[in-house]
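Note sheet for the following structure.
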Amino acid sequence: MRILIVNDDGLYAEGIKILVNWAKQFADVTVCAPKTEQSAKSHSLEIRKSFEITKVDLFNGVESYMVDSTPADCVRWGIVGLHRTYDLVLSGINKGFNLGNDTLYSGTLAAASEAVANGHKAVALSTYYYSFEGVEKGLDTVKEFFDKNKLLDLCPLYNVNIPFDKKGIKITRKGLFYYHDVFIADGENMYKQYTDFKYELTDDLGIDYNAVMSDFISISPFNIDKTDYDTLNKLIK
């Protein structure tokens, strides 16, 4: 099995090291990750200028590349630049959950989406912001669930969030905003955005953030096709 691993936290992030060491137990792994943190860069590409791509030896013999660009460009290098195909692309492990509308900005999700756009199957993986403790056990649980239920035969793209405590797995849909942003003055004509988490939990564990905040692993099937087919069919008629 051949796996491409990417992330948005950067090549030296703790999460990608954990993921590489876990995945290389059962797969031939290639790593393509950003030189610096690219969180919230979404699906951006660098098309105006050249950028540096350096082969590095960072994961004990695992073929790895440091890409001075976005997560989506890391995927493009791994697939298009290296002229390779993979059985699976894994993006993460992100330090911090990717839930609700936060997925619109996530470089972790964008990297997985770019892989799907290039004909590959992909899973985005995120966990608690403050600790990676126990995440390997969560990865084992997720892999077993995917294999048992053949999830990648049903959908090529999944968003997975692994909480600190794990009561089990819930299949979920994307929620809406679960935080509130504010702009804070940071000098003359300068402002910085700050995020304040203010989610309101409900009993609906079919919503990603409800499941995760209730200590369940959340697995959400995603789709890169943004067409509104209900409206499309009405307009055609």
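A short reminder: the numbers here are calculations on the coordinates, not readings from a lab. Everything quoted here is computed from the prediction, not taken from an experiment. For neighbour counting, all protein chains shown are included, and Cβ atoms are generated from backbone atoms with ideal geometry for every residue, glycine included.
Some observations on this one:
- In this rough spin-label picture, where each label sits 7 Å from Cα along the Cβ direction, the ALA185-THR54 distance is 4.1 nm.
- Longest to shortest principal axis, alpha-carbon extents of region 101-237, angstrom: 55, 51, 33
- A simple count of charges around LYS35, restricted to other residues whose Cβ falls under 10 Å of its Cβ and scoring Lys, Arg +1 and Asp, Glu -1, yields -3.
- Using θ = phi - 60° and Karplus 6.51 cos²θ - 1.76 cosθ + 1.60, couplings along region 55-67 (whole Hz; Gly, Pro as x): 7, 10, 10, 10, 10, 6, x, 6, 4, 9, 10, 9, 10
- The dipole here belongs to the chain: it is taken about the Cα centre, uses +1 on the Cβ of Lys and Arg and -1 on the Cβ of Asp and Glu, and is about 640 debye.
- Max mean-square fluctuation residue, GNM over the chain, Cα-Cα springs under 10 Å, options ALA110, ALA185, ALA33: ALA185
- Cysteines having no other Cys beta carbon under 4.7 Å from their own, within the chain: CYS155
- Cα-based shape type of region 122-171, given that a ≥ b ≥ c are square roots of the gyration tensor eigenvalues and the cut on a/c is 1.5: prolate
- Between the alpha-carbon centres of region 198-237 and region 126-158 there is a gap of 18 Å.
- The GNM of the chain, with springs linking C-alpha atoms under 10 angstrom apart, assigns the highest mean-square fluctuation among GLY107, GLY119, GLY96 to GLY119.
- Each of the peptides 148-158, 43-53 was scored by the mean count of other Cβ atoms within 10 Å over its residues; in descending order, highest first, they stand as 148-158, 43-53.
- Seen through its C-alpha gyration tensor, with square-root eigenvalues sorted a ≥ b ≥ c, region 1-139 comes out rounded because a/c lies under 1.5.
- In terms of surrounding Cβ atoms within a 10 Å radius of their Cβ, SER64, SER42, SER218, SER113 rank from fewest to most as SER42, SER64, SER113, SER218.
- What the phi angles of region 86-98 give under the Karplus curve with 6.51, -1.76 and 1.60, with θ = phi - 60°, is a coupling list of 9, 6, 7, 10, 10, 10, x, 7, 6, 7, x, 5, 10 Hz, glycine and proline written as x.
- ASN7 long-range amide H proximity, modeled H, under 5 Å: GLY92
- Largest mean-square fluctuation among GLU133, GLU37, GLU188, in a Gaussian network model of the chain whose springs join Cα atoms under 10 Å apart, belongs to GLU188.
- Centroid-to-centroid separation of region 60-76 and region 1-41 [C-alpha atoms, Å]: 8 Å
- Under the criterion of Cα pairs below 8 Å and six or more residues apart, the relative contact order for the chain equals 17 percent.
- Relative contact order (%) - region 120-237, alpha-carbon pairs under 8 angstrom, separation at least six: 30 percent
- Close amide-amide hydrogen proximity is noted between SER64 and VAL31, VAL56, each under 5 Å apart and 5 or more residues distant or on a separate chain (H modeled in the peptide plane; Pro and chain starts excluded).
- Label zone at ILE47, where the point sits 7 Å out along the Cα-to-Cβ direction: region 69-87 residues whose backbone N lies under 20 Å: 69-82
- Rounded if a/c under 1.5, otherwise prolate or oblate - region 94-148, Cα gyration tensor axes: oblate
- Whole-Hz Karplus values for region 230-237 come out as 4, 5, 4, 5, 5, 5, 5, 5 Hz, taken residue by residue from phi with 6.51 cos²θ - 1.76 cosθ + 1.60 and θ = phi - 60°; glycine and proline positions read x.
- Neighbourhood net charge (12 Å Cβ-Cβ; Lys/Arg +1, Asp/Glu -1) for LEU4: 0
- Ranked by how many other beta carbons lie within 10 Å on average, peptides 73-82, 164-173, 2-11 from highest: 2-11, 73-82, 164-173
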